[in-house]
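Q: The structure follows.
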Amino acid sequence: MTHRMVSALAALVGLFVSLYLWLWHLGLMGSLACGTGGCEVVQTSRYATFAGVPVALLGVIGYAAMLGVSLAGLHGRWAASRAPTRLLAALAALGVLFSGYLTYLEAEVIHAWCRWCVSSALIVTAIFVTAVIGMRGQAQGAASREQGAGG
């Protein structure tokens, strides 16, 4: 259960990062706080959209979904179920793969780094790792319960 709380907190932080970048993309924020010029280079590149959708909006949607799954997994009938953790791991895996692609683009194509984007990649990786650890813990717990019932 703790892994879902940690994932919810990380997803909330990721949601704020993505929301900040999306609001900047929409022109609703002033200058992009980055410390280097890399963030604006990345955010104004042609790779800042994917299939016509701003990458930051995809982050908002993805993190909102992970937050929702994490929170739902803490309550009611879902609290004892392994399904929310599996879904969380799948969503985070997609996020890790997409972040890996975007990080590759930053390094090899754009030749600029966005600290916010790197932070997001680390956050989604942390959610994935937390979900995998949670799945392993749930599997071990289920095995222990089966041994206890059969012994």
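The values are calculated or read from the model by the stated rules, or taken from the named source; none is laboratory data. Everything numeric in this text was worked out from a predicted model, so none of it was measured. Here the Cβ positions follow ideal geometry from the backbone for every residue, glycine too, while neighbour counts run over all protein chains shown.
Q: Check off (1) in a loop (DSSP other than H, G, I, E, B); (2) under 17 Å from Arg115 (Cβ atoms) for Leu74 and give me the number that stays unchecked.
A: (2)
Q: Now for a different question. Do we find a residue being surrounded by fewer than 17 Cβ atoms within 10 Å (Cβ to Cβ) and either under 17 Å from the mean Cα position of the chain (by Cα) or at pLDDT 95 or above (or both) anywhere in segment 71-81?
A: no
Q: Then there's this: Does any residue in segment 32-61 that is within 18 Å of Ile123 (Cβ to Cβ) come within less than 8 Å, Cβ to Cβ, of a residue that is of a type in the set (Ser, Thr, Tyr) and surrounded by fewer than 18 Cβ atoms within 10 Å (Cβ to Cβ) six or more places away or on a different chain, and which pairs are these?
A: Val55/Tyr47; Val55/Thr49
Q: While we're looking at this one, here's another question. Just one of Ala33, Ala80, Ala92 is of a type outside the set (S, T, N, Q) and in a helix (DSSP H, G or I); which is it?
A: Ala92
Q: While we're here: Identify, please: which residue in segment 15-36 is of a type in the set (Ser, Thr, Tyr) and either under 16 Å from Trp113 (Cα atoms) or surrounded by 14 or more Cβ atoms within 10 Å (Cβ to Cβ) (or both) and is, among those, modelled with the lowest pLDDT?
A: Thr36
Q: Any residue in segment 98-108 that is among the β-branched types (Val, Ile, Thr) and either crowded, with 19+ Cβ neighbours inside 10 Å or modelled with pLDDT under 95 (or both)?
A: no
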